[in-house]
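Everything below concerns the one structure shown next.
The values are calculated or read from the model by the stated rules, or taken from the named source; none is laboratory data. Values in this document were obtained by computation on a predicted structure and should not be read as measured data. Note that each Cβ is placed from the backbone with ideal geometry, even for glycine, and that neighbours are counted across all protein chains shown.
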Amino acid sequence: MDLKPLVTLLAIVNPLAIVPFFIHYTQGFSEAQRKRTIRTAAFSAFCVIAACALLGLQILEFFNISLPSFQVGGGLLLLISAMNMLNAQPAEAKPATNELEEGAEKAAAGDSIAVVPLTIPLLTGPASMSTVVIYANDAQTFLQHGALVGYGLVIALATWICFSLADPIARVLGKTGINVMTRLMGLILAALAVEVMAGGLTKIFPVLVGS
């Protein structure tokens, strides 16, 4: 079983880097509200990954986008995400100030902010979605597609664990420890991004293979 998709997804999603955001968004929440937010965020992350694994290629076909072009674009997104992580920022884009205010309003209204912005875009944004679609194209059997969906479960479990232990993690690792982990993940992700882009470019420009 190829674990590269799982390693890539773990590097992009990196729930450890989102722990400070989780703590920020759930300030003032009761224990029950916090647990509900954790469950919803984990389940939403799984749903996004599973949907991309099962329907991503059909969506590309509907919009008449070739996979090599998507690989180059997706690889570029991964590289941008890696650059953010090397600067100790989350892989996916941070929400704007107005999104922070909107999230606070939702929390005040009693609605969960687990889906937006915690799951989308912080956990599973464009970079992670495009990664799943690219690896879904490489899956040749039902078992391989099932493995991708299974990796979604692993991501959901990792999210649940990190968010459940958010306060102890923040105390033990501190900001410096989380930044170091984020940079290490960014280095791994940068190498994987170059590999994905190279695969797409060699399909668009076959002459590159012979050069």
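Here 193, 147 are screened, and the one residue that is part of a helix (DSSP H, G or I), within 20 Å of the chain's Cα centre (by Cα) and more than 23 Å from residue 81 (Cα to Cα) is 147. Scan the stretch 83-97 and give yes if some residue there is under 20 Å from the mean Cα position of the chain (by Cα), farther than 23 Å from residue 7 by Cα and either modelled with pLDDT under 90 or crowded, with 22+ Cβ neighbours inside 10 Å (or both), otherwise no. Yes, the conditions are met somewhere in the stretch 83-97. Taking the criterion of being within 17 Å of residue 144 (Cβ to Cβ) and either at pLDDT 95 or above or within 15 Å of the chain's Cα centre (by Cα) (or both), would at least one residue in the stretch 41-50 satisfy it? Within the stretch 41-50, one or more residues are within 17 Å of residue 144 (Cβ to Cβ) and either at pLDDT 95 or above or within 15 Å of the chain's Cα centre (by Cα) (or both).
Give the number of residues within the stretch 129-144 that are in a helix (DSSP H, G or I), surrounded by fewer than 17 Cβ atoms within 10 Å (Cβ to Cβ) and either under 14 Å from the mean Cα position of the chain (by Cα) or not charged (D, E, K, R) (or both).
Narrowing the stretch 129-144 to residues in a helix (DSSP H, G or I): 129-138, 142-144.
Okay, now just the ones that are also surrounded by fewer than 17 Cβ atoms within 10 Å (Cβ to Cβ), so 137-138, 142-144.
Those left that are additionally either under 14 Å from the mean Cα position of the chain (by Cα) or not charged (D, E, K, R) (or both): 137, 142-144.
Residues in the stretch 129-144 being in a helix (DSSP H, G or I), surrounded by fewer than 17 Cβ atoms within 10 Å (Cβ to Cβ) and either under 14 Å from the mean Cα position of the chain (by Cα) or not charged (D, E, K, R) (or both): 4 in total.
Across the stretch 125-173, which residue is farthest from residue 42 (Cα to Cα) among those that are at pLDDT 95 or above and among the polar types (S, T, N, Q)? Top of the filtered list is 164. Can residue 59 be described as in a helix (DSSP H, G or I), surrounded by 15 or more Cβ atoms within 10 Å (Cβ to Cβ) and not basic (Lys, Arg)? So residue 59 does not fit the description; no.
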